[in-house]
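Working notes, beginning with the structure itself.
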Amino acid sequence: MAKKRLVVGISGASGAIVGIELLATLKAHRDWETHLVITGGGEITISQEAEYDLEAVQALADVVHPIDNIGATIASGSFETEGMVVVPCSMKTVAGIAGGYSDNLLLRAADVTIKEQRKLVLVARESPLSTIHLRNMLLLAEQGVVILPPMLTYYNLPSVIEDLNYHIIGKILDQFGIPLKEFRRWEGLEQTRLSF
Ligand SMILES: Cc1cc2nc3c(=O)[nH]c(=O)nc-3n(C[C@H](O)[C@H](O)[C@H](O)COP(=O)(O)O)c2cc1C
């Protein structure tokens, strides 16, 4: 059976570990093939925030593409994928995608994902958000891009940071129909708890 392909971009927003743990999770799904591209900014945040070095992150992917290889497979719409996730996604990369300004392979692969009407998920991270950031994200959302910020969530009762990370990863994987056992879904309140 042919493997399903997912393009994973890591750019220079805070939260590199979420992208890394997503790759580690996908490694266990042998029916999926990951194609990784990391920006220069992403390399910096990995070095600043993660206990992984760059080679260890790259080893989690099935295929690694250099950021300046605009002739890579994922730069073409004829290369079939199930879509792409940029995690984390900086505001610069949001702006590049929103502007169709594909001057590196991550931006080009995202542009291709949109033009082929495949699923594009952006784990866009900045705080606070300016009107420029918000406008760019609105423009992308209007094109069907999923804006999935790495929000803190409390209803899953996190006790360690990994619980927060896995909640975000679970939401990303949900977009592609990939199960995650660590993902604690909301099961609903009992009616009696709803009265004030
Ligand atoms: C440690 C660190 C954390 C950063 N966090 C963010 C962030 O959360 N969001 C953001 O938009 N930019 C952030 N930046 C700035 C981006 O890395 C910078 O704008 C870079 O040019 C983005 O380029 P890229 O999207 O090609 O990776 C951060 C930079 C560093 C060094």
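The values are calculated or read from the model by the stated rules, or taken from the named source; none is laboratory data. As the structure is a computational prediction, the values presented were derived from the model and not from experiment. FYI the Cβ positions are ideal-geometry reconstructions off the backbone, even for glycines, and counts take in every protein chain you see.
One table, with the values for the structure above:
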{"read-out": "Condition broken by Leu139, with the remaining ones in (1) under 16 Å from the mean Cα position of the chain (by Cα); (2) surrounded by 10 or more Cβ atoms within 10 Å (Cβ to Cβ) satisfied", "value": "(1)"}
{"read-out": "Any hit, the range 3-21, residues being more than 16 Å from the ligand (Cβ to nearest atom), over 21 Å from Gly170 (Cα atoms) and not in a loop (DSSP other than H, G, I, E, B)", "value": "no"}
{"read-out": "Qualifying residues in the range 142-164 (those that are in a helix (DSSP H, G or I) and in contact with a Leu (Cβ under 9 Å, 6 or more places away or on another chain)) - the one surrounded by the most Cβ atoms within 10 Å (Cβ to Cβ)", "value": "Leu164"}
{"read-out": "The range 81-100, residues that are more than 7 Å from the ligand (Cβ to nearest atom) and within 17 Å of Leu36 (Cβ to Cβ)", "value": "Thr81, Glu82, Gly83, Met84, Val85, Val86, Val87, Cys89"}
{"read-out": "Yes/no for Thr131 being under 26 Å from Gln48 (Cβ atoms) and out of contact with any strand residue (DSSP E or B) (no Cβ under 9 Å at 6 or more places or on another chain)", "value": "no"}
{"read-out": "Looking only at the range 34-66, and only at residues there that are within 11 Å of the ligand (Cβ to nearest atom) and part of a strand (DSSP E or B), the one that is surrounded by the fewest Cβ atoms within 10 Å (Cβ to Cβ)", "value": "Ile38"}
{"read-out": "Failed item, numbered, when Asn69 is tested on (1) within 23 Å of Val145 (Cβ to Cβ); (2) polar (S, T, N, Q); (3) away from the ligand (no atom under 14 Å from the Cβ); (4) touching a residue at least 12 places away in the same chain (Cβ under 8 Å)", "value": "(1)"}
{"read-out": "Candidates Val160, Val112, filtered to the one that is within 27 Å of Arg30 (Cβ to Cβ), more than 15 Å from the chain's Cα centre (by Cα) and of a type in the set (A, V, I, L, M, F, W, C)", "value": "Val112"}
{"read-out": "Hits in the range 5-23 (condition: crowded, with 17+ Cβ neighbours inside 10 Å, on the phi < 0 side of the Ramachandran plot and not β-branched (Val, Ile, Thr))", "value": "Arg5, Leu6, Gly9, Ser11, Gly12, Ala13, Ala16, Gly19, Glu21, Leu22, Leu23"}
{"read-out": "Residues of the range 123-140 that turn out to be touching a Leu at 6+ places or on another chain (Cβ under 9 Å) and within 11 Å of the ligand (Cβ to nearest atom), as a count", "value": "2"}
{"read-out": "Subset tally (residues that are loosely packed, with under 15 Cβ neighbours inside 10 Å and either of a type in the set (Gly, Ala, Ser) or under 13 Å from Gly19 (Cα atoms) (or both)) for the range 165-179", "value": "1"}
{"read-out": "Single unsatisfied condition, Arg30 versus (1) among the charged types (D, E, K, R); (2) without any contact (Cβ under 8 Å) to a residue 40 or more places away in the chain; (3) within 16 Å of the ligand (Cβ to nearest atom)", "value": "(3)"}
{"read-out": "Test: Ala109 is part of a loop (DSSP other than H, G, I, E, B), within 21 Å of Leu6 (Cβ to Cβ), more than 10 Å from the ligand (Cβ to nearest atom) and modelled with pLDDT of 95 or more", "value": "no"}
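Per-residue answers, yes or no, for (1) over 21 Å from Arg135 (Cα atoms); (2) in contact with a strand residue (DSSP E or B) (Cβ under 8 Å, 6 or more places away or on another chain); (3) modelled with pLDDT under 95; (4) not basic (Lys, Arg):
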{"residue": "Glu55", "(1), (2), (3), (4)": "yes, no, no, yes"}
{"residue": "His65", "(1), (2), (3), (4)": "yes, yes, no, yes"}
{"residue": "Ile74", "(1), (2), (3), (4)": "yes, yes, no, yes"}
{"residue": "Glu82", "(1), (2), (3), (4)": "yes, yes, no, yes"}
{"residue": "Val86", "(1), (2), (3), (4)": "no, yes, no, yes"}
{"residue": "Met91", "(1), (2), (3), (4)": "no, yes, no, yes"}
{"residue": "Ser102", "(1), (2), (3), (4)": "no, no, no, yes"}
